[in-house]
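Report on one structure; see the data block that follows.
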Amino acid sequence: MIETDRLLLRRWEPRDHAPFLAMGNDPEVMRYLGPPLTAADVEAAIARHNGYFDRVGYCFWAMERRADGAFLGFCGIKPGPDGTPIAGRPEIGWRLRRDAWGQGYAREAAEASLYWGWASGGFDHILAITVPANVRSWGLMERLGMQRVADGDFDHPAVPDGSPLKRHITYSIARPA
């Protein structure tokens, strides 16, 4: 769906299940995201993202390295989660396997996703959420030109009470002039 110099962002395929499950069981990858994923969690996530694609034409796409076809994670735009201040609004997000960190893949994919959002999605604003402790994620948001929403902090309804991952912060970027 989206091609960059090094990446292909595309619809999810059955071959993505095993590497997504492996990524979802890496404690460092999941540090700010929640508990390890089960095979059923992965199947549900893939179905959910393909469902978004079928309904609205975009999702967090599977990220493939063009040089060798390796699954690196995901990046894209999807409707914000229900019960949150960004519900139904365009949310950009990413998750990469640990050995892909620090190589510029997340930024490359996020920039391509933002460009797609402005050109094809017709969005006026795109939002992102993370936990305050996830410095790498909100740092990328800021490098992309996103700004923290002053009154955008919230407790995520899908995270159990008492979890250090309950509180979320929101970033936003407006369509360029």
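Solvent-accessible area per residue in region 1-148 equals 48 Å², computed with a 1.4 angstrom probe and all protein chains kept. Between amide H atoms placed 1.01 Å from N, distances below 5 Å from Gly80 occur with Gly88, Arg89, Glu91, all of them 5 or more places distant or on a separate chain. Dividing the Cα radius of gyration of region 49-104 by 2.2 N^0.38 Å, with N the residue count, gives 1.28. Taking Cα centre as origin and charging only the Cβ of basic (Lys, Arg, +1) and acidic (Asp, Glu, -1) residues, the dipole magnitude of region 32-98 rounds to 220 debye.
Rg and Dmax, both from the Cα atoms of the chain and both in Å, are 15.2, 43. Just want to confirm a number: the relative contact order over region 57-152, from Cα pairs under 8 angstrom separated by 6+ residues, in percent. Over region 57-152, the number comes to 21 percent. Taking Cα centre as origin and charging only the Cβ of basic (Lys, Arg, +1) and acidic (Asp, Glu, -1) residues, the dipole magnitude of the chain rounds to 200 debye. Given region 86-177 reduced to its alpha-carbon atoms as identical point scatterers, what log10 I(q)/I(0) does the Debye formula return at q = 0.15, 0.19, 0.21, 0.26 Å⁻¹? Debye output, listed in q order: -0.61, -0.94, -1.11, -1.41. With unit charges on the beta carbon (Lys/Arg positive, Asp/Glu negative), name the residue among Ala150, Trp101, Pro85 whose Cα is farthest towards the positive pole of the charge dipole of region 83-153. So the residue we want is Trp101. Here region 4-154 exposes an accessible surface that is 52 percent carbon and sulfur, computed with a 1.4 Å probe and the other protein chains kept in place.
The relative contact order of region 48-105 comes to 25 percent, based on Cα pairs under 8 Å that sit 6 or more residues apart. For region 90-136 versus region 23-40, the inter-centroid distance based on Cα atoms is 19 Å.
Of the peptides 102-111, 38-47, the order by per-residue mean of other Cβ atoms within 10 Å, starting with the highest, comes out as 102-111, 38-47. Applying 1/(1 + (r/R0)^6) with R0 = 25 Å to the Cβ-Cβ distance of Val56 and Glu3 gives a FRET efficiency near 0.75. Have a look at the DSSP beta bridges in the chain and tell me what percent are antiparallel, nearest 5. Once the DSSP bridges in the chain are tallied, antiparallel ones form about 95 percent.
Using only side-chain charges placed at the Cβ, +1 for Lys and Arg and -1 for Asp and Glu, the dipole size of region 80-177 relative to its Cα centre rounds to 300 debye.
The values are calculated or read from the model by the stated rules, or taken from the named source; none is laboratory data. This structure is a prediction, so every number in the text was calculated from the model and none was measured. FYI the Cβ positions are ideal-geometry reconstructions off the backbone, even for glycines, and counts take in every protein chain you see. The accessibility values were calculated without ligands, DNA or RNA, using every heavy atom of the protein model including side chains. Shrake-Rupley method; radii C 1.70, N 1.55, O 1.52, S 1.80 Å.
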